[in-house]
Amino acid sequence: TLTKQSNNLFCIKGSYNNKCVYSKDDEAGLSQFRKYDSYEESIKDYIKLMQSNRYCDVINNDDYKSCASIVKKKGYASHPHYTSKLIQIIEKYELYLLDII
């Protein structure tokens, strides 16, 4: 799987420090994904990405449904049903309860 090949916990496309792996995805067939040396590196890069100007609308937003929609619109995910799938997961596992922490 992609995670085992690249330590890419969030399936972020592109390359990282000139490292990447190629893997099939549902949208584009074969795509380039960032490759990390560790899970820690993957998490730090994800945090950096989410804190970038591109996603600043998500960081300070308390509405998970709105956040899911914004992330999709900003280009994080290319799957046509990303927003609804993410919301289903959040609701199924009641992850919105973590928002009060």
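Yes/no per residue for (1) closer than 19 Å to Ser78 by Cβ; (2) of a type in the set (S, T, N, Q); (3) open to solvent by 40 Å² or more (accessible area, probe 1.4 Å):
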residue	(1), (2), (3)
Gln5	no, yes, yes
Leu9	yes, no, yes
Tyr16	yes, no, yes
Lys19	no, no, yes
Lys24	yes, no, yes
Glu27	yes, no, yes
Ser31	yes, yes, no
Arg34	yes, no, yes
Ile43	no, no, yes
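For Ser69, only one of the following conditions fails: (1) under 17 Å from Ile12 (Cα atoms); (2) touching a helix residue (DSSP H, G or I) at 6+ places or on another chain (Cβ under 6 Å); (3) among the small types (Gly, Ala, Ser). What is its number?
Here Ser69 meets the rest and fails (1).
So how many residues does the stretch 51-73 have that are closer than 21 Å to Gln88 by Cα and aromatic (Phe, Trp, Tyr)?
Going through the stretch 51-73 one residue at a time, the tally reaches 1.
Which of the following residues is touching a His at 6+ places or on another chain (Cβ under 6 Å) and charged (D, E, K, R): Glu40, Glu27?
Matching residue, one of Glu40, Glu27: Glu27.
Yes/no matrix, rows are residues, columns are (1) open to solvent by 50 Å² or more (accessible area, probe 1.4 Å); (2) touching a Pro at 6+ places or on another chain (Cβ under 6 Å); (3) polar (S, T, N, Q):
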| position | (1), (2), (3) |
| --- | --- |
| Lys48 | yes, no, no |
| Asn53 | yes, no, yes |
| Asp62 | yes, no, no |
| Lys74 | yes, no, no |
| Ala77 | no, no, no |
| Asp99 | yes, no, no |
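May I ask you to list the residues in the stretch 13-29 that are in a loop (DSSP other than H, G, I, E, B) and either touching a residue at least 24 places away in the same chain (Cβ under 8 Å) or among the small types (Gly, Ala, Ser) (or both)?
Passing the criteria: Gly14, Ser15, Asp26, Glu27, Ala28.
The values are calculated or read from the model by the stated rules, or taken from the named source; none is laboratory data. Predicted model only: the values in this text are computed from it and were never measured. In this analysis, Cβ positions are derived from the backbone assuming ideal geometry, glycine residues included, and neighbour counts consider all displayed protein chains. Heavy atoms of the whole protein, side chains included, go into the accessibility calculation; ligands, DNA and RNA do not. Shrake-Rupley method; radii C 1.70, N 1.55, O 1.52, S 1.80 Å.
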